[in-house]
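Worksheet for the structure shown next.
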Amino acid sequence: MDKLTKLVFITAGSIFVALGVLGMVLPLIPTTPFLLLGAACYARSSEKFYNWLVNHKCFGKFIKNYFEGKGISLKGKVLSVSLLWVSIGYTIYALPSFYGGVFLVLLASGVTAYLLSLNTYREEE
């Protein structure tokens, strides 16, 4: 692989990881898909970055749980759905728009249905 291609994959991987980190605090941005894309880019370009991401104490668990087919923890589901609906409710209250509110409720309902459809596992600590 030439240096330019490697640089493009590392840059793309870093952007996806950054979006995944944003997804940890912003309810409508998914965390796991962006971290998986970041891992895929790093796997093609840098073993060092890939190993860092997969073994990271915060991010690694999302990737490992996906690869192992475990899904998401009950705590993660409850926290995600709760934050999602609190932020949607506040947004609808702060920026009242009927059509905007309908769109946000439909979007949040879809995200909630997706989160609840994922496998649930018990966290071992």
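A short reminder: the numbers here are calculations on the coordinates, not readings from a lab. None of these values were measured; they are calculated from a predicted model. Cβ sites come from the backbone with ideal geometry, for glycine too, and all protein chains shown count toward neighbours.
Miscellaneous remarks
- Simple label model, 7 Å out from Cα along Cβ direction - S82 to I15, nm: 3.5 nm
- Length gained on full extension, L4 to E47: 13.8 nm, using 0.36 nm per residue less the C-alpha separation.
- From helices alone, the chain scores -25000 deg cm²/dmol at 222 nm; the rule is -39500 (n - 2.57) for each run of n ≥ 4 DSSP H residues, then divide by the residue total.
- Percent RCO, i.e. relative contact order, over the range 71-125, from Cα pairs under 8 Å lying at least 6 residues apart: 67 percent
- Around M1: net Lys/Arg minus Asp/Glu count, Cβ-Cβ under 15 Å: +2
- Converting phi to 3J(HN,Hα) with the Karplus coefficients 6.51, -1.76 and 1.60 and the offset θ = phi - 60°, the range 109-115 yields 5, x, 5, 4, 4, 5, 4 Hz in sequence order, with x at every glycine or proline.
- Per-residue HN-Hα couplings for the range 61-77 [Karplus 6.51, -1.76, 1.60; θ = phi - 60°; Hz; x = Gly/Pro]: 5, 5, 5, 5, 5, 5, 4, 8, x, 6, x, 10, 6, 4, 4, x, 5
- Ordering of 102-112, 44-54 by burial proxy (mean other Cβ atoms within 10 Å per residue, highest first): 44-54, 102-112
- Look at the Cα gyration tensor of the chain: its axes a ≥ b ≥ c give a/c of at least 1.5 with a/b at or below b/c, and that counts as oblate.
- Rounded to whole Hz, the Karplus (6.51, -1.76, 1.60) HN-Hα couplings of the range 9-16, x for glycine and proline: 5, 5, 5, 4, x, 5, 5, 5
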